[in-house]
1. Amide H neighbours of A:Gly117 under 5 Å, counting only residues 5+ apart in sequence or on other chains, H built in-plane at 1.01 Å?
2. Tell me what chain A gives for mean residue ellipticity at 222 nm when only DSSP H runs of n ≥ 4 count, each as -39,500 (n - 2.57), the sum divided by the residue total, rounded to 500 deg cm²/dmol.
3. Where does each of A:95-102, A:164-171, A:74-81 land if you order them by average Cβ count within 10 Å, highest first?
4. Apply the membrane-span-like helix rule to chain A: whole DSSP H runs, Cα extent along the own long axis of at least 24 Å, mean Kyte-Doolittle hydropathy at least 1.0. List the helices found.
5. Using only alpha carbon pairs under 8 Å that are at least six residues apart, calculate the relative contact order of chain A and give it in whole percent.
6. Using only alpha carbon positions, build the gyration tensor of chain A, then give the equivalent ellipsoid semi-axes as the square roots of 5 times its eigenvalues, largest first, whole angstrom.
7. Once amide H atoms are built 1.01 Å from N in the peptide plane, which residues 5 or more positions from A:Gly276, or in another chain, come under 5 Å H to H?
8. How do A:316-323, A:227-234 rank on mean C-beta neighbours within 10 Å, highest first?
Amino acid sequence: MKGTGETTDIVEKEMYTFIDKGGRSVTLRPEGTPSVVRACLENGLFGQLPVLKLSYIGQMFRYDRPQAGRYREFWQIGVEAFGSADPSMDAEVIQLAYQLVTEVGLKGISLELNSIGCKRCRPRYVEDLREFGKRHVDELCGKCVERIERNPMRLLDCKEERCRIVMKEAPVILDYLCDECAEHFAKVREYLDLLDVPYAVNPRVVRGLDYYTRTVFEITAEGLGAQNAVVGGGRYDDLVELMGGKPTPALGFAAGLDRIVASLEAQGFEFPIDEGIDCFIAVLGREAKPVALKLATSLRREGFSVEMEHLGRSLRAQMKTADKLKARFTAMIGEDELKSGRITLRDMKSGEQRSVEEGEIPYILRRGGFSDGADAPS
RNA sequence: GUGAGUGUAGCUCAGCAGGUCAGAGCGCCUGACUGUGGAUCAGGUGGUCGCGGGUUCAAGUCCCGCCACUCACCCCA
């Protein structure tokens, strides 16, 4: 938790912690970045390439109260880029995040951008913010009064109406950036314009994690009410060093997979529907069972999705099941077939039915219908 | 962490002021249609009414506790 920050909500109230069978206190990771940094440190990945870019996908856990678009176990797609402090890398990473959410089909997207300075210029700002908070103590909510001492930056994203009104007059971080940070931020914006990535500068975006420096951003999508953040990220130039590595500038983002899906659903996105199976094998009588089982297996080995009857029900019932499974074809094996050595295959869409050699079936399935036999082996 | 709501058949839910209230629709099974689906009709299967206490002659139905889930706040993915 060293990386995430002591006064963040994640650490203060969302840690998924429990005692395991060995009596150890275990905490499930609430986010990915520190783990990635640790893994890179432990395995010596830094230094293998001048710029190291990584991506991952995995579950994260936060002990929140679940609700629409927020789960205690959720999936994140993470992207991290190490090794360059150049604004071009910021632009590259932000553009990737933007492309991800747009390509997936999300609507009502907005990208909010800010810079929260570095360890040289931020302290001055935090101090002024603290002073500002002290002057308005009696106008702020209880939470914010605590924040004045513990973490003044958090005053900025309080959702309480009265706090928001007060904070409108608060000093803005962008006015405090040192020359280097200001220059960096200007370049990031310039590059984003170059790449046609639309964004809005929002000095209120400070992010919930302590390790960020300079660039921070958040992407929201409409549909889930207050749970509208689908991507969050930023630069963290001091984290690697903080965790025991050589000073390494870096930035990254995390995209909430479940939340993106939930947002898409809320937006009425049509997900590709279940296409059904290739073939259902109807079985009539005990003698037919082994033949059906072999056929099912050989078709599966060819890559087809196949189901067969295991309950010994009437053909009628089996056909109903085939229909329900949206089987493209139904193969029937009963007394007649066992006698003739052929198999009755029914095209469930057209209703056409033919007696075929077992060897022909894969060709017919692949073709999606009966042909006139021109290219089937005879 | 704060507040609100819900938990009755596989699923979606109805059960009005405590006494045939254990139901409906869908699904599933069987048959009408002896080896043939998507429609219709008939019959049937199916529930410790979240768990544990309490009140009462009698409790899904009232009270208390617990658990789970949902929603909102906070915050975030």
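What follows is calculated from the coordinates using simple rules that are stated; it is not laboratory data. Here the structure is a predicted model, which means the values were calculated and not measured. Here the Cβ positions follow ideal geometry from the backbone for every residue, glycine too, while neighbour counts run over all protein chains shown.
1. The answer is A:Arg214.
2. Details: 13 runs with 129 residues, N = 378.
Counting only the DSSP helices, I get -10000 deg cm²/dmol.
3. Values: A:95-102: 18.1, A:164-171: 14.8, A:74-81: 19.6.
Those peptides, ordered most packed to least, come out A:74-81, A:95-102, A:164-171.
4. Numbers: long enough: none.
Sorted by number, there is nothing, because no helix extends far enough and scores high enough.
5. Working: 641 pairs, mean separation 59.6, N = 378.
Once divided by the residue count of chain A, the mean separation gives 16 percent.
6. 59, 22, 21
7. Long-range HN contacts for A:Gly276: none found.
8. Details: A:316-323: 16.0, A:227-234: 23.0.
Top of the packing list down: A:227-234, A:316-323.
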